[in-house]
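Nothing in this text is a laboratory measurement; each read-out follows from the coordinates by a stated rule. Every value quoted in this text rests on a predicted model; they were computed, and no experiment measured them. Neighbour counts run over all protein chains shown; Cβ positions are idealised from the backbone, glycine included.
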Amino acid sequence: MLYKSQEKELRKRAAEMLKRTRFPITETELDSIAVADFGLGNPLSEGAQILTLFATDR
């Protein structure tokens, strides 16, 4: 289980990595990064930070 503080920190780390690559992305998109630990409790080793670039209603 992720705490809000962990989720915020992981989202921040992922956003910093994306910024270093100079990938064109907005702050709104960075704020929408999803964080998952798959219920394993170790998000640094067994988690994912997911950025969805395209979302449709389909």
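In the set Thr26, Thr52, which member is in contact with a Ser or Thr (Cβ under 8 Å, 6 or more places away or on another chain) and among the β-branched types (Val, Ile, Thr)?
On the way: Thr26 fails: in contact with a Ser or Thr (Cβ under 8 Å, 6 or more places away or on another chain).
Only one candidate qualifies: Thr52.
The set of residues in the range 16-38 being of a type in the set (Val, Ile, Thr) and surrounded by 12 or more Cβ atoms within 10 Å (Cβ to Cβ) consists of Ile25, Ile33, Val35. A Cβ distance below 7 Å, combined with a sequence gap of six or more or placement on separate chains, defines the contacts here; from the range 39-58, residues that are surrounded by 10 or more Cβ atoms within 10 Å (Cβ to Cβ) reach residues that are part of a loop (DSSP other than H, G, I, E, B) and not charged (D, E, K, R) in the pairs Gly41/Met1; Pro43/Leu2; Glu46/Phe38; Glu46/Leu40; Gly47/Phe38; Gln49/Ile33; Ile50/Ile33; Leu51/Ile33.
Out of curiosity, is Phe38 within 14 Å of the chain's Cα centre (by Cα) and of a type in the set (Phe, Trp, Tyr)?
Yes: the conditions hold for Phe38.
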